[in-house]
Amino acid sequence: MPDTGLKDDVNAPTASTQPAGWIRKLVTAGNTRCCKIAIISLWTGLSIGGIAAMPSFMAALKSSIPPVHGTDAKAASDAMDKYFYGPLGGEKPSEVAMLASNARNGVPLMNCSHDADYSTVLATTNMDWMNVFAQPADAGFQQDKVGNTTVYTFRPGSLSAITNITCERCASTCNSKPSSFYLSNTQINLYIPPFMNAALLLNLVNVTHHSLGKDKGPMVASYLYQELYLPLRSSVLTPDCVNSLTAVSLVGCDDKTERKVAEQFHDLTAVGLSMTTTSMQLMSKNIQEGVDATMTLSTLTLPLALLVLALMLSNVRLVICTVLNVGAAISCSFLLMLPIAELVDVTSSAPSMMIAVALAMSIDYSLFLLSRFQSEIPKDLNTLTDEVSERAVGVMLSTSGRIVLVSGGTLLLCFMMMLVIPVSLISMMGVAAAVTVLFTILVALTLTPTLLLCFPNFFTSSRRFGFSMDGLCCGQSDPDQISELSYTSLTADTTDHQPSSADPQTCWSRVGSLTQRYAMPLLLVLFALAVPLMAVYVPKFKHALGMIPMMPRGTDSY
């Protein structure tokens with residue numbers, strides 16, 4: 001029989017590369033029934049735990065910005081905890097801020113001159129604004145005689161709408177003790193209301209002037225005006241006296257009640273005034289709504305991304321691996337971040353970032369791995385043996401798996417560098433993203449190969465984009481013998497593929513070759529462009545720490 005040269009062609013080097021020896025052994029060990037069950041059970045259990053931990057994780061997130069260590073704000077916060085809330089056992093109040101603006105062409109709410117006396121200021125005060133926040137006759141005045149001392153008791157703002165709403169919703173807020181002042185034989189007991197604004201201070205001055213008689217009234221009123229109103233004016237009024245700020249302290253209320261209080265404040269109206277209400281609770285609510293909207297948007301874009309991935313792979317079935325990877329990475333990331341969120345402050349924006357990272361990385365890594373796996377499966381095979389599927393998975397891990405590991409590890413380290421930022425909420429976003437990248441890598445390099453080894457015929461059946469019965473137990477796939485030529489080329493000892501002159505050169509392959517050839521000149525050019533730009537613009541950067549960057553535009557509290 002003449003020699004046709006078929007044997008030489010069969011044993012010649014092919015376009016496939018052989019997996020490393022240790023990877024081949026690892027894939028062979030992972031293809032055992034016990035190992036596959038263990039890997040799938042592990043990720044299934046972690047995913048179920050992550051889903052169960054998701055509500056607790058979301059509840060542990062913070063929407064506020066804590067003081068930065070080493071700043072005056074942090075020192076003040078620590079002093080309040082040490083000397084007030086800790087020893088006295090008091091509860092930290094939460095704040096609701098109301099901004100009342102004079103809408104009549106920017107007319108000031110009162111005489112804003114620094115030289116004006118209290119009578120002039122009272123005579124020019126906007127009564128619509130005064131009636132909303134402190135009734136002119138509302139000071140809860142009471143006079144008693146104790147020995148030679150006359151005791152005057154004032155409860156300013158006790159009949160105002162703000163006090164009624166606050167005390168009705170949060171009764172413990174109104175249980176305050178009076179502050180006492182002494183002037184000769186006069187004792188003044190002042191009950192601080194649950195809110196503070198300029199109208200309340202002026203109301204106190206006004207009632208004092210009219211209630212204490214002609215002798216003591218002007219003297220005490222002038223004292224309160226000089227020692228109380230003027231020092232606090234810059235805190236409760238804008239310099240032009242057009243806008244007034246009201247701060248309401250709430251104690252003993254849950255978040256739901258505080259939101260209702262803020263909404264009731266927002267409904268207060270006055271002729272000629274425009275009022276805006278904001279609070280940490282409203283901002284937290286808006287931030288959470290923004291997070292939910294972002295998560296919903298990410299969820300809605302997932303089908304489009306999976307469709308593009310299916311078109312790139314020409315097989316809808318392989319997308320199942322990506323969906324499982326995304327679900328496992330996100331749920332496991334939530335599970336690990338739960339104890340972290342309970343120990344340190346984690347921002348409420350972290351989940352949306354974690355979902356975005358998991359979606360992007362899982363789809364990206366799936367494209368790398370699955371496309372390489374497909375290229376290692378000959379098109380003319382009808383049925384895959386364990387040896388063929390093991391070799392294809394081994395090559396996939398040796399090539400694309402290495403890219404996933406290096407790329408993911410680099411991204412993980414970049415996110416961990418956010419730990420150098422002294423703001424815990426920002427640094428924890430880096431930790432959350434790094435945890436997500438870690439689980440994305442682990443899932444891609446363990447769960448994906450396991451699924452491919454468990455159902456090789458199912459995932460490699462790409463006829464009609466996977467919309468067929470091929471590879472199913474009830475399908476009509478032909479279980480004939482594997483093509484001798486294809487099987488021999490896959491199992492033969494081959495060497496690394498060397499591109500021949502007939503290999504097509506694409507645009508990107510030429511770009512890659514030029515980049516590698518001229519790597520050093522390109523680096524020098526990039527540095528030459530980057531250094532001057534950094535020297536000019538980096539010093540101009542300004543940072544701001546607050547709630548505004550976290551809040552969606554167009555919300556009530558923005």
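The values are calculated or read from the model by the stated rules, or taken from the named source; none is laboratory data. A quick note: this is a predicted structure, and the numbers were derived from the prediction, not measured. Note: ideal-geometry Cβ built from the backbone for every residue, glycine included; neighbour counts use all protein chains shown. With ligands, DNA and RNA removed, areas are computed over all heavy atoms of the protein, side chains included. Shrake-Rupley method; radii C 1.70, N 1.55, O 1.52, S 1.80 Å.
Before moving on, here are some points about what is shown:
- Backbone amide hydrogens, once placed in the peptide plane, bring Gln187 within less than 5 Å of Thr150, Val151, Tyr152, excluding anything fewer than 5 places away on its chain.
- 3J(HN,Hα) couplings calculated from phi for the stretch 231-238 with the Karplus curve 6.51 cos²θ - 1.76 cosθ + 1.60 (θ = phi - 60°) are, in sequence order, x, 9, 4, 5, 8, 10, 9, 6 Hz; Gly and Pro show x.
- Using the Cβ-Cβ distance between Leu42 and Leu307 with R0 set to 30 Å, the FRET efficiency works out to roughly 0.50.
- Ranked packing of 507-519, 319-331, most packed first, by mean Cβ within 10 Å: 319-331, 507-519
- The stretch 329-368: C-alpha gyration tensor shape, a/c 1.5 cut-off, then a/b vs b/c: prolate
- Cα-projected label distance for Asp240 with Asp267, points at 7 Å along beta-carbon direction, nm: 3.3 nm
- Where Val291, Val344, Val531 fall by accessible area, highest first, once all protein chains stay in place (1.4 Å): Val531, Val344, Val291
- Ordering of 450-457, 106-113 by packing [mean C-beta count within 10 Å, highest first]: 450-457, 106-113
- Calculated FRET efficiency for the pair Lys25/Cys507, C-beta based, R₀ 30 Å, to 0.05: 0.20
- Other-chain or far-sequence residues with amide H under 5 Å of Thr124's (modelled H): Asn111
- Within the assembled protein chains, the solvent-accessible surface assigned to Ser249 is about 40 Å², based on a 1.4 Å probe.
- Taking every protein chain into account, the 1.4 Å probe leaves Thr294 with about 60 Å² of accessible area, to the nearest ten.
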